[in-house]
Amino acid sequence: MKGYGWMIGVLMNLFVGLSAQNVSEKLFIPPFDFSLTLSGNFGELRSSHFHGGLDFKTQGVVGKPVRNIADGYVSRVTVTPGGYGQAVYMVHDNGYTSVHGHLLRFAPAIAKVVEEYQYENETFAVDLEFKPDRFRFAQGEVFAWSGNEGYSFGPHLHMEIRKTETGEYIDPLQFYMDKIKDTTAPRATHIMIYPQRGKGILNGKQAKQLFALANLKKPLEAWGEIAIGIKAYDYMDGTHNNYGVRTVKLYVDSVEVFRSTVDGFLPDENRMINAWTDYEEYVTKSSWFMRSQILPGNRWRMLEADEKGGVVTVDEERDYQFCYELEDLYGNSRKYSFVVKGKRQPIDLWKPEGKNFLRWDRKNVVWDLGMELIIPEGMLYEDVELNYSLRKDSASVSYEYQIHDTPVPLYEGCMLKIGIHEFPIADMSKYYVIQKKKGRKVSMGGYFENGFMHAAIRELGTYTVDMDTVPPKVVPLDKGRWHTGNVQFKITDAETGIKSYKVYIDGKFALFAFSSKNARLKLKHPERLKKGVLHEMEVVITDYCGNETREWYEF
């Protein structure tokens, strides 16, 4: 009887497991009725954020019907020049919310409400929220059509799945594993080794060093504390795209010292990507390295490490066996091994200067003649010793402040104040804070108050104040086709950027869609134009310093 009881227990567990699996599979259906392939996966490394969903290819075209993946209602609709472009937020009855971006158009009932709002408020940008009984869609019902709107560079559907209660992003691929084939393992190309400041050395140097995995034929020589980073991507069958790696494990002498598993994150954890990756390498070289180290200010839950946070101590003159294991959601894995040889080497001690030393675990204030930067506690991921300098130029609007010579990320915007000592123009709305970055000026915006420009910055770097008195440019495109309704412009601003635009035809507001990826304005509803008559058009463009351009046309 004991044996039979054990067998019954196994069968019951198997039944429960299969039932749970079936329930999981039935939670969501695919958004399309054709075979699924991905151009982007969950957790890919992006600028200051993780990719929060899947990018489904749409066979190279726009206009594919998008099906509701589970019963629910439309809770929000947004229209923006960049980002998701046109997007639908769907709250499902099963406790999840899906987000669908880069849409070409909405279902007629939704489109009618959006269009009415745009004309009534004379705006292209829309952010509307709806109650549960306004727009309900059953599973499988079409609520939109796929497109290439917003910050998108090819037809596709961006789809996220979030937990409705917490807003946590989760990997949608787990619900579609039987729909997408993947037998290809992730691959790595390089590692970066980071001798810890004042505590480690590698091959006689205390700076970080880059190595191609294919060329690691002989052991590296190190002493003291070092950390490792890896450059790697995942791949899938039948595509040429590269993807983010779901799981990275680092072993030293067969003992796991670090693991990252990119399977979910909360909205306030998104910028923690800058603490996990090598921020300097990305900003300066557009190269992604995932560090197998948890910096003290990194609160991202998807990282696990030993008591040293992934830092390895080399304190014996012997070979240390390092091994990386990369794995995707399907269990495809690949290993990379290399040897670090313990060799005693002199390590220069690190003695930080108090004035320019920033602590990650407390409030910091950086100040100098005409400048103050307040960094609240929790904004830094690790201690920083500033390489600070001040450049005075009596002919400039303000002094130039180098608040560190390499880019250092801040978790949120921190208030920077820079004093103005020259006022070439009296209109204070024309001044703005700039960051000098890789030979170019990046506008940080800001406002003037009590002799200082105030702006929130998210990176330590070089900052000063400049003026913007140049209005935006408007360039008509293909005027010979305007009579057909194909009315387009290119609008640009060289300094602070386009803040707003309005177009009036025959004295009435005309809705123009703006694409931030190509700076184009295009008439949204040409069918509203009366045929066979002369039209008068006024175009008004404003930048973030209030400079305005007005142009008049006839067609």
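The values are calculated or read from the model by the stated rules, or taken from the named source; none is laboratory data. None of these values were measured; they are calculated from a predicted model. All Cβ positions, glycine included, derive from the backbone under ideal geometry; neighbour counts span all protein chains shown. Please note that ligands, DNA and RNA were not included when accessible areas were found on the heavy atoms of the full protein model with its side chains. Shrake-Rupley method; radii C 1.70, N 1.55, O 1.52, S 1.80 Å.
Sort through Lys473, Lys502, Lys517 and tell me the only one that's out of contact with any strand residue (DSSP E or B) (no Cβ under 9 Å at 6 or more places or on another chain), over 24 Å from Ala455 (Cα atoms), touching a residue at least 24 places away in the same chain (Cβ under 8 Å) and surrounded by 14 or more Cβ atoms within 10 Å (Cβ to Cβ).
So the residue among Lys473, Lys502, Lys517 that is out of contact with any strand residue (DSSP E or B) (no Cβ under 9 Å at 6 or more places or on another chain), over 24 Å from Ala455 (Cα atoms), touching a residue at least 24 places away in the same chain (Cβ under 8 Å) and surrounded by 14 or more Cβ atoms within 10 Å (Cβ to Cβ) is Lys517.
In the range 432-469, which residues are touching a Phe, Trp or Tyr at 6+ places or on another chain (Cβ under 8 Å) and free of Cβ contacts under 8 Å to residues at least 40 places away in the same chain?
Result: Val433, Ile434, Gln435, Lys436, Met444, Gly446, Phe448, His454.
Tell me which residues, restricted to the range 147-179, are over 20 Å from His92 (Cα atoms) and either surrounded by fewer than 17 Cβ atoms within 10 Å (Cβ to Cβ) or in contact with a Phe, Trp or Tyr (Cβ under 9 Å, 6 or more places away or on another chain) (or both). Don't jump to the end; show me each part of the working.
Step one: filter the range 147-179 for residues over 20 Å from His92 (Cα atoms), giving 147-156, 177-179.
Glu149, Gly150, Tyr151, Ser152, Phe153, Gly154, His156, Met177, Asp178, Lys179, listed by residue number.
Within the range 330-353, is even one residue assigned to a loop (DSSP other than H, G, I, E, B), among the acidic types (Asp, Glu) and open to solvent by less than 60 Å² (accessible area, probe 1.4 Å)? Talk me through it step by step, then tell me what you get.
Of the range 330-353, the ones assigned to a loop (DSSP other than H, G, I, E, B) are 330-332, 343-353.
Next, only the ones that are among the acidic types (Asp, Glu) stay: 348, 353.
Subset that is open to solvent by less than 60 Å² (accessible area, probe 1.4 Å): none.
Checked against the condition, which is being assigned to a loop (DSSP other than H, G, I, E, B), among the acidic types (Asp, Glu) and open to solvent by less than 60 Å² (accessible area, probe 1.4 Å), the range 330-353 yields no hits at all.
Please identify the pairs in which a residue from the range 162-183 that is closer than 19 Å to Asn242 by Cα and touching a residue at least 24 places away in the same chain (Cβ under 8 Å) has its Cβ atom under 6 Å from the Cβ atom of a residue that is part of a loop (DSSP other than H, G, I, E, B) and of a type in the set (Ser, Thr, Tyr), counting only partners at least 6 apart or on another chain.
Here the result reads Asp182/Tyr330, each pair linking the range 162-183 to a residue that is part of a loop (DSSP other than H, G, I, E, B) and of a type in the set (Ser, Thr, Tyr).
If a residue has to be outside any loop (DSSP other than H, G, I, E, B) and either within 35 Å of the chain's Cα centre (by Cα) or β-branched (Val, Ile, Thr) (or both) to count, how many in the range 505-543 make the cut?
Restricting attention to the range 505-543, the residues satisfying the condition of being outside any loop (DSSP other than H, G, I, E, B) are 505, 508-510, 512-515, 520-523, 526-528, 536-543.
So of that shortlist, the ones also either within 35 Å of the chain's Cα centre (by Cα) or β-branched (Val, Ile, Thr) (or both) come out as 505, 509-510, 512-515, 520-523, 526, 539-543.
Of the residues in that region, 17 qualify.
If you go through the range 195-212 one residue at a time, do you hit one that is more than 30 Å from Glu317 (Cα to Cα) and part of a strand (DSSP E or B)?
no
Looking at Glu325, is it surrounded by fewer than 16 Cβ atoms within 10 Å (Cβ to Cβ) and either touching a residue at least 12 places away in the same chain (Cβ under 8 Å) or out of contact with any strand residue (DSSP E or B) (no Cβ under 8 Å at 6 or more places or on another chain) (or both)?
No.
Counting only residues that are of a type in the set (Gly, Ala, Ser) and open to solvent by less than 30 Å² (accessible area, probe 1.4 Å), which one in the range 441-465 is farthest from the chain's Cα centre (by Cα)? Give the steps one after another, and end with the answer.
Initially, the range 441-465 is screened for residues of a type in the set (Gly, Ala, Ser), giving 443, 445-446, 451, 455-456, 461.
Remaining after also requiring open to solvent by less than 30 Å² (accessible area, probe 1.4 Å): 445, 451, 455, 461.
On the way: Gly445: 21, Gly451: 35, Ala455: 21, Gly461: 20 Å.
Filtering first and then ranking leaves Gly451.
I'd like to know if the range 545-552 contains one or more residues that are surrounded by fewer than 18 Cβ atoms within 10 Å (Cβ to Cβ), over 24 Å from Val433 (Cβ atoms) and within 28 Å of the chain's Cα centre (by Cα).
No.
Could you go through the range 8-27 and let me know if any residue there is in a loop (DSSP other than H, G, I, E, B) and modelled with pLDDT of 95 or more.
Within the range 8-27, not a single residue is in a loop (DSSP other than H, G, I, E, B) and modelled with pLDDT of 95 or more.
Can you tell me which residue is surrounded by the fewest Cβ atoms within 10 Å (Cβ to Cβ) among those in the range 81-105 that are under 15 Å from Ala513 (Cα atoms) and modelled with pLDDT of 95 or more?
Arg105
With the structure loaded, tell me whether Phe143 is surrounded by 21 or more Cβ atoms within 10 Å (Cβ to Cβ), closer than 16 Å to Tyr89 by Cβ and in contact (Cβ under 8 Å) with a residue 60 or more places away in the chain or whether it fails that test.
Yes.
So which residues in the range 229-245 are open to solvent by 30 Å² or more (accessible area, probe 1.4 Å), touching a Phe, Trp or Tyr at 6+ places or on another chain (Cβ under 8 Å) and farther than 21 Å from Phe153 by Cβ?
Of everything in the range 229-245, just one residue is open to solvent by 30 Å² or more (accessible area, probe 1.4 Å), touching a Phe, Trp or Tyr at 6+ places or on another chain (Cβ under 8 Å) and farther than 21 Å from Phe153 by Cβ, namely Lys231.
Yes or no: Glu160 within 23 Å of Leu45 (Cβ to Cβ) and part of a strand (DSSP E or B)?
Judged against the criteria, Glu160 is a match.
Applying the selection to the range 185-202, what residues are over 22 Å from Arg246 (Cα atoms) and open to solvent by less than 70 Å² (accessible area, probe 1.4 Å)?
If the condition is that a residue be over 22 Å from Arg246 (Cα atoms) and open to solvent by less than 70 Å² (accessible area, probe 1.4 Å), then Tyr194, Pro195, Gln196, Gly198, Gly200, Ile201, Leu202 are the ones that fit.
For the range 526-555, give me each residue that is in contact (Cβ under 8 Å) with a residue 60 or more places away in the chain, out of contact with any Ser or Thr (no Cβ under 7 Å at 6 or more places or on another chain) and of a type outside the set (Val, Ile, Thr).
Scanning the range 526-555 gives Glu551, Tyr553, Phe555.
So which of Val487, Val503, Val475 ends up being under 19 Å from Trp552 (Cα atoms), of a type in the set (Val, Ile, Thr) and touching a Lys or Arg at 6+ places or on another chain (Cβ under 6 Å)?
Val475
If you scan the range 476-494, which residues turn out to be in contact (Cβ under 8 Å) with a residue 60 or more places away in the chain and open to solvent by 60 Å² or more (accessible area, probe 1.4 Å)?
Lys479, His483
Quick check on my filter: what residues within the range 99-116 are assigned to a helix (DSSP H, G or I) and under 14 Å from Thr80 (Cα atoms)? Let's see the steps before the verdict.
In the first step, residues of the range 99-116 are kept if they are assigned to a helix (DSSP H, G or I); the result is 108-116.
Val114, Glu115, listed by residue number.
Lys218 - would you say it is under 26 Å from Thr247 (Cα atoms) and open to solvent by 30 Å² or more (accessible area, probe 1.4 Å)?
So Lys218 does not fit the description; no.
Residues that are surrounded by 13 or more Cβ atoms within 10 Å (Cβ to Cβ) and more than 29 Å from the chain's Cα centre (by Cα): does the range 430-440 have at least one?
Initially, the range 430-440 is screened for residues surrounded by 13 or more Cβ atoms within 10 Å (Cβ to Cβ), giving 430-437.
Restricting the remaining residues to those that are more than 29 Å from the chain's Cα centre (by Cα) gives 430.
Yes - at least one qualifying residue is present in the range 430-440.
Which one is modelled with the lowest pLDDT, of the residues in the range 231-261 that are out of contact with any Gly (no Cβ under 7 Å at 6 or more places or on another chain) and small (Gly, Ala, Ser)?
Applying the filter and picking the extreme gives Gly238.
Per-residue answers, yes or no, for (1) touching a Cys at 6+ places or on another chain (Cβ under 7 Å); (2) modelled with pLDDT of 95 or more; (3) farther than 30 Å from Pro172 by Cβ; (4) of a type outside the set (Val, Ile, Thr):
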site	(1), (2), (3), (4)
Cys323	no, yes, yes, yes
Asp328	no, yes, no, yes
Lys343	no, yes, yes, yes
Leu349	no, no, yes, yes
Ile374	yes, yes, yes, no
